[in-house]
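The values are calculated or read from the model by the stated rules, or taken from the named source; none is laboratory data. In this text the structure is predicted, and so the values were computed from the model without any measurement. A quick note on method: Cβ atoms are made from the backbone with ideal geometry, for glycine too, and the neighbour counts reach across all protein chains shown.
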Amino acid sequence: MASIPDAQLLSAVTVPGTHNTMALYGGVYAECQSWSLESQLHAGIRFLDIRVRHINGNLTIHHGVSYQRAHFGHVLEGVANFLFRYPSETVLMRLKEEFSETNNIYGTVVDFLQRYGMWELVWHSRLVPTMGEARGKLIILQDFSGPDLGMRYGSLDIADDWKVPTLLDLKAKWRSVFEHLEAAPAGNSQQIFLTFSSGAGVFANPRAVAHYMNPQLHQYLQTKTDSNQRFASSAWTSRLLP
């Protein structure tokens, strides 16, 4: 990201991301990734999808019922280490509560951010930053109730048609992704577009969906030669990136 002009809005930058970034365990229907957080960041992933369970004052990482052998502090440590090493970069993080319904995680999130020395690294504004403002920052896309930490996840233009009942529905899923990617360049320049190419269903696990979708997405991006044209930030399953 070092070569991106400081004046350019982050909403005009196309970044890759991962769905359920920390979902490494739990079987074929729970596992969405095969790379660690560190590996994803070093591979170029800049949008993280983090799901936390609020239990006994802690924030454990979950995908549904499946505990992912980590807590929010592990995520913050990984992001902090990366940003300290590469201060020209920025990381966006969708943060939501999963497998608990306390609707009261704000205070615990703030506690974790302060405890892990991340408070000053967080972008504390609802406005989309420029690249100059975003460098070295964690941009939390807040998908939970409470006072503003920064940007609200609901302020984004999001395509997340994650329900893919069977493999026969993959073409319809790709059509949804394609249409959202195509809409981004003409959309509100001050709004981040987020496209999830991930999905799952009873007869289509996340890996099977990624096996079809990732090559489609790769081929689509290969045809886009205008480096100044924005596309939606895309979240996919990393295990099968071309």
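See the values below:
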read-out: Top-ranked residue in segment 1-24 [being in a strand (DSSP E or B) and of a type outside the set (S, T, N, Q); ranked as farthest from Tyr220 (Cα to Cα)]; value: Leu9
read-out: Given (1) within 21 Å of Ser39 (Cβ to Cβ); (2) without any contact (Cβ under 8 Å) to a residue 24 or more places away in the chain, index of the condition Glu120 fails; value: (1)
read-out: One residue from Phe84, Phe72 being exposed (fewer than 14 other Cβ atoms within 10 Å of the Cβ) and of a type in the set (Phe, Trp, Tyr); value: Phe84
read-out: Condition check for Ile105: modelled with pLDDT of 95 or more, surrounded by 18 or more Cβ atoms within 10 Å (Cβ to Cβ), over 18 Å from the mean Cα position of the chain (by Cα) and not polar (S, T, N, Q); value: yes
